[in-house]
Amino acid sequence: MGEERPGDDALLGRVAGRLATATGWAWQVEDDRVKGPGTVAVALGDDHTGSADHVDLDFVLNVDRPEDTTIADCVVGYGGTTEEVADRAVGIWLDTTGSAVLELLTQEGRFAAHFGSEDPDGFPGWHAIHGGIVGWGTGDHHDLVQEWAVGHVLLPHLAPALKGTFECGQLVGLKAFFGGGDGREIAEIRVNGVRHEAGSRALAELDWPRPEDGMSYARTFVLLVHDEGGE
């Protein structure tokens, strides 16, 4: 893969196209962002000029108040060409982070799953909107970690490590990225874009598979909305 990647307008065009296909709504590139319905938009994050395979995307729920309605995230793509890398990065983002945000906007159960604050598979005291679980890797067992993540709930195991991290009234974005192979592994929890060390350790201690051959990774994203009737 080369060191260059598509320009900002081309990258935003990919985002607009994928969002339009997923939602059936009109999305268009306008003023250095992707403008969606109402006050919703997607913009490139401050660090988007980093490595060629790294993309920072900000999902803004209200362009008039971006300071407290922005769900920031970063994603890494992969592939043999710059176009493949960009397409996969946008696709991974949309299937995880994007799906959770779209579900927050629609509340229809169409894009992501809901877990109430008292659901044993959820996060105590918070309503969880759980985005999709995406996996990738190499070798015969490239999908092992994704399959494990689909069959094992994460939130109850992460909640003790994350307790006290955020306050009532916040909209919390929680990203989990983990996997590895060939003797290497990564387990990372990010809360509103910032790595959470205790949460990352809790994720690393879970018994997700470590393939002996090839590599296997999984990524998911959860939005937490405080439940006034919860803890």
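The values are calculated or read from the model by the stated rules, or taken from the named source; none is laboratory data. All of these numbers come straight from a predicted model, not from anything done at the bench. Cβ: placed from backbone, ideal geometry, glycine included. Neighbour counts: every protein chain shown. Ligands, DNA and RNA are excluded from the accessible area calculation, which covers all protein heavy atoms including side chains. Shrake-Rupley method; radii C 1.70, N 1.55, O 1.52, S 1.80 Å.
Annotations for the structure displayed:
- Simple spin-label estimate for Asp68 and Thr106 gives 2.8 nm between the two label positions (7 Å along the Cα-to-Cβ direction from each Cα).
- Each helix, a run of at least 4 DSSP H residues, gives -39500 (n - 2.57); summed and divided by the residues of the chain, these come to -8000 deg cm²/dmol at 222 nm.
- Annotation: Glu83 carries an accessible surface of approximately 90 Å², with a 1.4 Å probe and no ligand, DNA or RNA atoms counted.
- Accessible area in the full protein assembly, largest first, 1.4 Å probe, for Tyr78, Tyr217: Tyr78, Tyr217
- With DNA, RNA and ligands ignored, accessible area of Thr21 (1.4 Å probe; Å², nearest 10): 120 Å²
- Scoring 202-214, 144-156 by mean Cβ neighbours within 10 Å over their residues and listing the highest first yields 144-156, 202-214.
- Measuring between their Cα centroids, the stretch 19-73 and the stretch 153-176 lie 23 Å from each other.
- Toward the positive end of the charge dipole of the chain, with +1 on the Cβ of Lys and Arg and -1 on the Cβ of Asp and Glu, the farthest Cα among Gly122, Val76, Trp148 is that of Gly122.
- Each Cα pair under 8 Å and six or more residues apart adds its sequence gap; the mean of these over the residue count of the chain is a relative contact order of 17 percent.
- The residues Leu44, Leu11, sorted by heavy-atom accessible surface at 1.4 Å with ligands and nucleic acids left out, run Leu44, Leu11 from largest to smallest.
- Check: the chain dipole with +1 on Lys, Arg Cβ and -1 on Asp, Glu Cβ, in debye: 180 debye
- Simple spin-label estimate for Thr21 and Arg184 gives 3.0 nm between the two label positions (7 Å along the Cα-to-Cβ direction from each Cα).
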